[in-house]
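The values are calculated or read from the model by the stated rules, or taken from the named source; none is laboratory data. Worth saying up front: this structure is predicted, and the values here are computed from it rather than measured. Only protein heavy atoms, including side chains, enter the accessible area calculation; ligands, DNA and RNA are left aside. Shrake-Rupley method; radii C 1.70, N 1.55, O 1.52, S 1.80 Å.
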Amino acid sequence: MDDGAPVRIAILWNPRASRYTLRLRGSVREPVVTIPQGGTLAEARGFLTRHRGWLKARLDALPSATPIADGAVIPLRGTPVTIRHVGGRGLVRVETDENGSALLVSGSAEHLKRRVTDFLKREARADLEAATLRHAAALGVRVATIRLGDPASRWGSCSSSGTIAYSWRIIMAPPAVLDYLVAHEVAHMREMNHSPRFWRLVRTICPGMESSKAWLARNGASLHAVGAED
């Protein structure tokens, strides 16, 4: 970059792509350039050179990475919790006292990050499944499958076959934001677009959607920073 710091850039060859694109994979904070069919590395270098200013600005704007480590503070349902490694045996659990909330993690220290991530995924699945069933019932639609992942560029997706995929990281956001995300994806079961009719549908089942949508746009990068590497 302009300050001389090296930046690792991933190359993605995509024969279905129609043009060169550049994006950031949020969970690993890594730039990815897509090369379309017939593209070359030389052209990709030129594309990156032309967009280096944009890339530097995006990288500089990223929040600092938050480690998943003993003593670190991460959000859970919008509330800060401090990770505490307690060793021994037992389930990962949240305890709250006059000093705030702590996420108590048993087991070996080397497995702490995995155990915390697994806990967050379990909590995310429980909340997302409950909200999906509720909104699907309100709209009279049936969701075939719910999947969890860690996509870089979207919080959820809905297929015409009835499969909805969510980012597990949404469990770190306030409950109202998770509810908005679910309402958004379930509404796609009726409207596979982002037309005014679609947004009216989302607003019907999630009246507070505007504030939650704005929160996710403003704070989504900080959720991707949890467990990322600077």
**Fill in**
Under a 1.4 Å probe, counting only protein heavy atoms, Thr21 has an accessible area in Å², nearest 10, of 40 Å²
**Prompt:** When the convex hull of the C-alpha atoms of the chain is computed, what volume per residue in Å³ does it have?
**Reply:** 163 Å³
**Prompt:** Taking 0.36 nm per intervening residue step and subtracting the Cα-Cα distance, what contour gain separates Val86 from Arg8 on full extension?
**Reply:** 24.5 nm
**Prompt:** In percent, what relative contact order does the chain have, based on Cα pairs under 8 Å that are 6 or more apart in sequence?
**Reply:** 20 percent
**Message:** Considering only protein heavy atoms and a probe of 1.4 Å, how much of the accessible area of the range 72-120 is carbon and sulfur, as a whole percent?
**Reply:** 48 percent
**Request:** Provide the per residue accessible area, probe 1.4 Å, for the range 165-214, rounded to a whole number of square angstrom.
**Result:** 40 Å²
